[in-house]
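Okay, structure first, notes after.
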There are 6 protein chains.
Amino acid sequence: MTRTSEQGEGKLARVKVTRRVHFSAAHRLGREDWTPEENRRVFGDCSNPNWHGHNYELDVTVAGEVDESTGFVYDLKDLRDTVERLVLADVDHRNLNLDVDWLHGRNPTTENLVVAIWQRLTPALPAGVQLERLVLWETPRNYVEYCGE
Amino acid sequence: MTRTSEQGEGKLARVKVTRRVHFSAAHRLGREDWTPEENRRVFGDCSNPNWHGHNYELDVTVAGEVDESTGFVYDLKDLRDTVERLVLADVDHRNLNLDVDWLHGRNPTTENLVVAIWQRLTPALPAGVQLERLVLWETPRNYVEYCGE
Amino acid sequence: MTRTSEQGEGKLARVKVTRRVHFSAAHRLGREDWTPEENRRVFGDCSNPNWHGHNYELDVTVAGEVDESTGFVYDLKDLRDTVERLVLADVDHRNLNLDVDWLHGRNPTTENLVVAIWQRLTPALPAGVQLERLVLWETPRNYVEYCGE
Amino acid sequence: MTRTSEQGEGKLARVKVTRRVHFSAAHRLGREDWTPEENRRVFGDCSNPNWHGHNYELDVTVAGEVDESTGFVYDLKDLRDTVERLVLADVDHRNLNLDVDWLHGRNPTTENLVVAIWQRLTPALPAGVQLERLVLWETPRNYVEYCGE
Amino acid sequence: MTRTSEQGEGKLARVKVTRRVHFSAAHRLGREDWTPEENRRVFGDCSNPNWHGHNYELDVTVAGEVDESTGFVYDLKDLRDTVERLVLADVDHRNLNLDVDWLHGRNPTTENLVVAIWQRLTPALPAGVQLERLVLWETPRNYVEYCGE
Amino acid sequence: MTRTSEQGEGKLARVKVTRRVHFSAAHRLGREDWTPEENRRVFGDCSNPNWHGHNYELDVTVAGEVDESTGFVYDLKDLRDTVERLVLADVDHRNLNLDVDWLHGRNPTTENLVVAIWQRLTPALPAGVQLERLVLWETPRNYVEYCGE
């Protein structure tokens, strides 16, 4: 087997690998220390007291050098299992305000949600593999992106 | 202006016209006359007491003869306005179990939802235009279709 | 080679086969025998005198029995070539009001366009293959469907 | 719980329910009783002796009356399990010419594949639920549709 | 309400937020100081004198720190309103060569269009929010990306 | 014709331009110097000896200054022709393990494939145009990205 991941002079190629996952959840935007009127003014329909919900799409991108033995940066089955265990098991078919320990007390905007997911995933990756980027779609027209900055 | 909608011997062409709309809502599957355990057994995660939610896509298809004067079956702006007034205004950013009069007492499965939307829309169309088909996507992998049968 | 297209007792399976094609064109809705104000009132922004345009997606569906020798209803390369020769060569990167002989004098609504494409394609298919359905997307939210009725 | 599936005078609504599934497979078009040159002439690149492959998307649509008790036509989890057991387990990450008993001896055109899947699924559905339609995408531009005719 | 946007030691998370919008327009590539033949040679079908058109998709991405009070980088309704007022109101259902003041005298390639949109939007954003990236799709197969470099 | 690509003080805008292309191929993951059992353990179903396959989508992104004369970074027809000649002609409807000289001896993971395509394309671009990024989708849920690092 030819060494395939070299980029000349022994430099290994650094590739980004993405797994797209899906979850469906209810939520409500707002602050508990604001009145319903204040929440309504700032968050509009998104503060409906009886909740609303979304199909979220999440692109989890990790980066690292291509392993010379396997040709993988990171086995996508392992990445999927990690994301299912640490994120999807807690949020899919759940209420983001009420059911998720690691979102407790946070206003579940897409921005806050993507940062919280980053904090869940980044310590769980093995040495040599970095969490590179999360893209979280709330609707087919709106998405946020976070790179740990 | 040549008459364009004739199909020979004065027969007017019958065309189906579709407008795709979007809404986001919370819901929970289950029957109020069942125990939580029964609901859990039949509806699984979809019966989560704290709700979950979806981005729904709805294709509203009407059919009719092409009007010789305008080249339209039905002005899509009018169709959009009708759907927004009778459906989206009630369900978008709402809870399908709690907030929607015309779903009251119904278990909001996708099947029951599409039938209820049909019942809302079909009397609102003008003479000569028939509601032909509704396709309702609950997730990118699941959809239902109803033709009034 | 086992006979594969039989559905029991020698009945051959009837399958629908679709090729999706793409074209980009300019157009303007309106009638030449109406004033600009009348056209504006009925067709809104779509009657902008300086034109506007779309990326159209067209699904061409033919139906027929599966040929026992090839396992094809109709070779999709032949279908693509027919559609390119009779439709795309005339409309792609063209103006539907000015550049297309077979739309001359027609108000290029999506309804009129899909009927005109049907009239182009249906005589061009070989015996045993019927034009079954055309679906024409004008935007990602609007499409029309025509089955020759 | 109000009876929701009635369409007036006790007539139950008939709804179509679809689950979209995915599989990746290798195949080669051609007849074993033809020479490579004949296969090349009829099937072109699709007859490459070393195989090629696709990501297939399959929409499985069943139809039936909406159950008054559950609001379901057919539990989509059951439909998914049936399709996984009878179809995906055999074709996903497999070679359609070599690895699949129920395609043995068939030229794996999309037409023949969709008919064979129909024959697998239709006897496996419970009373009151009919297989209504299969749509099988071979590429984002080509798909076939079969309704058991 | 817990402070959610901190990334440890008081560093606020910087998130990118995107709104996807849509417009349909006619255009023609070419230079007024070139002959039709020269324009034909360089721009091909895109220089058709009678125009052609596209459905454009535009992803507008802004970046900033997550506001601790609202959990937003920038309210997407405000972003949408800004894009509608400064871009879509001028280009949707218009001719990019003839109808748009801020494109006057520019050859409306996708590259020139994305740079012009950047110049429209970047001064309109509030302090603390930067225009990060524009992605402009001309067809489902072609897109350009601009980051202000 | 106004100079359109200036960004103030004579600085030319640097824009990224992408062409999305498609190919269908068979492959099998594994190392020839490992036993089938070892390959099975590491690569799972992807090591099926009889191959499997995918529809690949490849986004080829080049970057450069916008040419003041044409308004192009790089003519997308030229980019498409380059990608078709150097990549698609070799891999479309082929077996990535057996049929492609420039993949010979490489385990055709998506990571190794994207690096190999980079090495094919980067020397073929004209002065002033850099290969910026390749995104290669193996399924609608998995993709890799390479920027030459």
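A short reminder: the numbers here are calculations on the coordinates, not readings from a lab. The shown structure was predicted, so the numbers you read here are calculated from the model rather than taken from an experiment. In this analysis, Cβ positions are derived from the backbone assuming ideal geometry, glycine residues included, and neighbour counts consider all displayed protein chains.
With r as the distance between the Cβ atoms of residue C:38 and residue E:32 and R0 = 30 Å, compute the FRET efficiency 1/(1 + (r/R0)^6) and round to 0.05.
About 0.35, to the nearest 0.05.
Decide, for region E:75-142, between rounded, prolate and oblate: order the square roots of the alpha carbon gyration tensor eigenvalues as a ≥ b ≥ c, take rounded if a/c falls under 1.5, and otherwise choose prolate if a/b is larger than b/c, else oblate. If you can, show how the numbers build up before the last one.
Values: a/c = 1.75, a/b = 1.52, b/c = 1.15.
Note, shape of region E:75-142 comes out prolate.
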Checklist line | Helix-derived mean residue ellipticity, 222 nm - over chain C, DSSP H n ≥ 4, -39500 (n - 2.57), to 500 | finding: -5500 deg cm²/dmol
Margin query: If N is the number of residues in the protein assembly as shown, what value comes out of its Cα radius of gyration divided by 2.2 N^0.38 Å?
Written below: 0.95
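By per-residue mean of other Cβ atoms within 10 Å, what is the highest-first order of A:90-97, E:86-93? Mind dumping the intermediate values first?
Working: A:90-97: 22.6, E:86-93: 18.4.
Descending packing order for the listed peptides: A:90-97, E:86-93.
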Item checked: Within chain D: Cβ-based charge dipole about Cα centre, in debye rounded to nearest 20 (Lys, Arg +1; Asp, Glu -1) -> 180
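Highest mean first, how do A:102-109, B:34-41 rank when packing is the count of other Cβ atoms within 10 Å averaged over residues?
On the way: A:102-109: 19.2, B:34-41: 13.2.
Per-residue Cβ counts within 10 Å, averaged per peptide and sorted highest first, yield A:102-109, B:34-41.
Would you mind classifying region A:48-96 by shape? Square roots of the alpha carbon gyration tensor eigenvalues, ordered a ≥ b ≥ c; an a/c under 1.5 is rounded, otherwise it is prolate if a/b is larger than b/c and oblate if not.
Details: a/c = 5.12, a/b = 3.16, b/c = 1.62.
In terms of gyration-tensor shape, prolate.
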Item checked: Among F:139, F:29, F:96 the positive-end extreme of the charge dipole of region F:1-139 (Cβ point charges) -> F:139
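With both partners inside the protein assembly as shown, how many of the DSSP beta bridges are antiparallel, as a percent to the nearest 5?
Working: 188 of 200 bridges.
Within the protein assembly as shown, antiparallel bridges account for around 95 percent of the total.
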Check: In whole Å, how far is the Cα centre of region D:67-87 from that of region B:90-149?
Finding: 21
Check: Projected area of region C:21-149, taken from the Cα convex hull and averaged over every viewing direction, in nm²?
Finding: 8.6
